[in-house]
Structures are given as C-alpha cells and as structure tokens.
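Report on the structure given below.
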Amino acid sequence: MSTNIFSLFYTDDTSSEPPSTNKEPSILEPVPDGEPSVVSEPVTFQLVERATKRGKTSLVDSQGFTYNIHSRRPYATYWQCTMRPKGNPCKASVTERDRILQAGKSAHNHAVMGAATAAKIISTVKSKALEDKLKPASAIVNEVCVVLNIILFLLAVNLFITAVSFIFLIISIILSA
C-alpha cells in the first residue's frame with residue numbers, strides 16, 4: 001500500500017464553515033508544473049584509509065554517514081552502514097561496481113553522529129603514528145588537535161568578520177534611508 005505524504009495531513013472537512021479565502025500556497029500542496037521544486041544535492045562518497053579500529057578502509061558520504069565493507073565479490077563490493085546495534089541495525093548500504101558507488105534502497109534509521117569527522121581524525125592520527133613510530137601517542141593526538149583547533153579558530157574568525165561586515169552593511173543602509 002503506497003501512502004502519499006499529502007494524504008497523511010489531509011482531513012475531510014465536512015463542517016458548515018465557509019472555505020477560507022486565503023490564497024497563500026500550502027506546503028502540503030504539490031508544486032505546479034511551472035515552478036521549480038527543491039532538489040537535494042547528490043550524495044558523494046570518499047574512501048578513508050585506516051579509519052577503523054583494525055586499520056581497514058571506511059567509506060564516508062557527503063552527509064556524514066560511514067560504511068564498512070560487508071562483502072567483496074569479483075564484480076562488486078558491498079558496503080553497510082556502521083551503525084549496527086543489535087536491536088535495530090541500520091539497513092543503509094552502498095554498492096561499488098567498476099569504481100562507481102551507488103547508494104542502496106534503504107534509508108538510514110539514525111542521525112549523523114559526527115562519525116565522518118572522527119574517521120578522518122583517526123586516519124590522520126594513525127598515518128602520523130606510522131611516520132614516527134617512536135613518538136608518543138599523546139603527542140600525536142595533541143599535534144592533530146592543535147591543527148584542528150587552529151582551523152576551527154580561523155573559521156570562527158572568518159564567520160565573525162562576515163557577521164560584523166553584515167552588521168555594518170545593515171547600519172549603513174539604515175542611516176542612508
């Protein structure tokens with residue numbers, strides 16, 4: 001049985017009240033043919049080397065979900081979502097054929113938990129540890145965290161400058177009016 005999202009909110013109103021004269025379009029109405037509809041960006045994928053606890057490759061999509069290899073065949077590699085709790089494992093998957101990654105039919109049943117960022121940090125720490133095997137793990141983690149903190153600081157400064165510029169623009173528009 002296919003359920004239309006509009007039918008979930010539709011109620012058959014048989015009351016004696018006159019119909020509303022409000023001509024504002026509803027979000028529940030379908031988009032007319034002449035108007036553009038909202039198009040979501042396509043999902044892209046990136047392989048992250050040595051991202052798992054056992055040093056295996058992980059797949060990260062542009063939405064922040066991560067996948068590990070479920071099985072390999074000569075013609076394809078099947079990836080599964082890494083959120084696998086015993087009671088309710090996520091059924092989202094990705095199929096890789098001829099280096100082309102295609103998302104499966106099942107959607108994720110959970111929110112993004114920052115796993116993509118964590119996988120990239122883990123991968124960076126592991127690669128730095130392999131470069132200098134005598135360096136303490138705490139020093140490597142601190143080094144990576146310092147770099148990340150600098151990047152976050154620069155992003156915050158950039159955001160602050162943009163906000164101040166916007167405020168000055170608003171003030172100048174108000175004063176010129």
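For a 25 Å ceiling on Cα separation, which of these pairs sit above it: Lys86/Lys133; Lys53/Lys135; Lys105/Lys126; Lys86/Lys126? Walk me through the numbers on the way to the answer.
Details: Lys86/Lys133 37 Å; Lys53/Lys135 20 Å; Lys105/Lys126 33 Å; Lys86/Lys126 29 Å.
The answer is Lys86/Lys133; Lys105/Lys126; Lys86/Lys126.
The modelled label-to-label distance between Ser172 and Ser62, using points 7 Å beyond Cα along the C-beta direction, is 3.4 nm.
Close amide H partners of Gly104, meaning residues 5 or more places away or on another chain with modelled amide H under 5 Å apart, are Ser93, Val94, Thr95.
Expressed in whole Å with the largest first, what are the equivalent ellipsoid semi-axes of the stretch 65-114 derived from the C-alpha gyration tensor as the square root of 5 times each eigenvalue? Before the final figure, lay out each step's value.
Working: eigenvalues 87, 25, 16 Å².
Working from the Cα gyration tensor, I get semi-axes of 21, 11, 9 Å.
Need one word for the stretch 45-177: rounded, prolate or oblate. Basis is the Cα gyration tensor (sqrt eigenvalues a ≥ b ≥ c); a/c below 1.5 gives rounded, then a/b vs b/c decides. Judged from the Cα gyration tensor, the stretch 45-177 comes out oblate (a/c at least 1.5, b/c at or above a/b).
For the stretch 132-176, just say rounded, prolate or oblate: build the C-alpha gyration tensor, square-root its eigenvalues into a ≥ b ≥ c, call rounded for a/c under 1.5, and beyond that prolate if a/b exceeds b/c, oblate if not.
Prolate, since a/c reaches 1.5 and a/b exceeds b/c.
Between Val164, Ala103, Ile121, the Cα set farthest toward the positive side of the dipole of the stretch 89-164 (charges on each charged residue's Cβ, about the Cα centre) is that of Ala103. A cut-off under 14 angstrom between Cβ atoms defines the neighbours of Ser58, and their net charge, with Lys, Arg +1 and Asp, Glu -1, is +4.
Taking chymotrypsin sites (Phe, Trp or Tyr not before Pro) across the stretch 43-126, the ones in a DSSP loop with at most 11 further Cβ atoms lying within 10 angstrom of their Cβ are Tyr75.
FYI, it's all coordinate maths here, none of it is from the lab. A quick note: this is a predicted structure, and the numbers were derived from the prediction, not measured. Positions of Cβ are backbone-derived with ideal geometry, glycine not excepted, and every protein chain shown enters the neighbour counts.
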